[in-house]
Amino acid sequence: MVSGKSKSMSKAGIVDYIIWFLLTLLCLSTLYPFVNVLIVSFADMKDYVQQGGVLLYPRSIHWDSYRYVLRHSGLLDAYGVTIFITIVGTLINLIMTSLGAYVLSTRELPGRNVLMTIIVIAMLFNGGLIPTYLVVRSLHLVDTVWALMVPFAINAWLLILMRNFFQGIPVSLSESARLDGCSELGILVRIMLPLSLPIVATLALFYGVGHWNEYINVVIYINDPKLSTLQLILRKMYTVSIEQIDGDSLPPPVETIRAATVILSALPIIIVYPFLQKYFVQGVMVGSVKG
């Protein structure tokens with residue numbers, strides 16, 4: 001006779017298998033669109049047009065779409081602009097957020113609760129598009145890459161996340177450093193940041209992906225075609241015919257050109273993300289719970 005405990009354990013095992021099966025289907029459903037775009041980018045005219053497109057694999061692999069995309073006059077320049085904005089903008093974000101979070105994590109700071117209330121309000125409400133544009137224009141940042149970095153140097157939610165992480169570090173470490181004559185900046189650089197790699201990596205991922213995918217602010221503040229980012233090039237590929245962009249006859253179909261552009265635009269983030277993923281959950285969870 002099977003005991004009640006054994007029956008409950010067997011039922012729990014069946015439920016686990018069902019959950020794993022459903023999660024596997026969910027993961028495949030989210031992964032397939034990207035895989036399909038990758039497959040389409042390698043297809044040729046015969047695969048995509050004459051044989052009704054591709055589904056699970058390309059019948060033959062062709063690099064014509066990638067050759068055309070890399071030959072496009074604006075793509076490599078857009079890559080340079082986007083990489084510059086991502087690297088420099090993320091460094092500015094991390095520096096400013098770290099400084100603000102360290103100050104707010106200091107328990108002796110006068111009016112700390114008032115400042116936190118103001119930051120929370122700023123996280124929920126902002127001045128709006130027109131006032132922000134007037135500020136950027138008054139700072140003479142319009143049509144410069146700095147318009148995409150300086151006005152958005154600190155994200156309120158990420159500032160609170162890092163502040164909470166700093167508060168989880170034992171106060172005795174900073175107090176001992178002060179007794180040894182270390183400055184506040186020295187405490188931040190030599191003690192707080194080395195102990196906060198998970199939250200730093202998490203913020204770098206959030207800020208970096210945000211800069212890489214920047215689109216709306218580019219449309220608003222940038223008029224110079226030389227400062228176009230990858231997202232503008234991607235939009236151009238999807239809204240203007242290839243013949244209008246290049247003017248020459250094009251062997252690959254338009255859809256494969258667009259798919260190749262999507263892959264090239266997302267590839268750097270896909271490469272970087274696995275190196276930061278191990279810090280991501282730890283940084284978000286600890287920074288959200290503590291404090």
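The values are calculated or read from the model by the stated rules, or taken from the named source; none is laboratory data. Values in this document were obtained by computation on a predicted structure and should not be read as measured data. As a convention, Cβ positions derive from the backbone with ideal geometry for all residues, glycine included, and neighbour counts pool all protein chains shown. What goes into the accessible areas is simple: the full protein's heavy atoms, side chains included, and nothing from ligands, DNA or RNA. Shrake-Rupley method; radii C 1.70, N 1.55, O 1.52, S 1.80 Å.
In whole percent, and with a 1.4 Å probe on the protein chains, what portion of the accessible area of the stretch 75-224 is carbon and sulfur? Spell out each step's value before the answer.
Working: 5440 of 7800 Å².
The computed percentage sits at 70.
Please state the charge dipole magnitude for the stretch 75-224, taken about the Cα centre, from unit charges on C-beta atoms (+1 on K and R, -1 on D and E), reported in debye and rounded to the nearest 20.
Working: 6 positive and 8 negative charges, 78 e Å.
About 380 debye.
Rounded, prolate or oblate, given the Cα gyration tensor of the stretch 75-224, with a/c below 1.5 counting as rounded?
Working: a/c = 2.54, a/b = 1.72, b/c = 1.48.
Prolate is the answer for the stretch 75-224, as a/c is 1.5 or above and a/b outweighs b/c.
For the stretch 101-193, which GluC sites (Glu not before Pro) pass both filters: DSSP loop (anything but H, G, I, E, B) and at most 10 other C-beta atoms within 10 Å? Walk me through the numbers before you get to the answer.
On the way: sites: 108, 175, 184; in loops: 108.
Hits after loop and neighbour filter: 108.
Through the Karplus equation 6.51 cos²θ - 1.76 cosθ + 1.60, θ set to phi - 60°, convert the phi angles of the stretch 207-215 into ³J(HN,Hα) values in whole Hz; use x for Gly and Pro.
5, x, 5, x, 5, 5, 8, 4, 9
Could you go through the stretch 225-233 in sequence order and give the Karplus-derived ³J(HN,Hα) for each residue, using 6.51 cos²θ - 1.76 cosθ + 1.60 with θ = phi - 60°, rounded to whole Hz, and x for Gly and Pro?
So the J values, rounded to whole Hz, are x, 5, 9, 5, 9, 4, 5, 5, 5.
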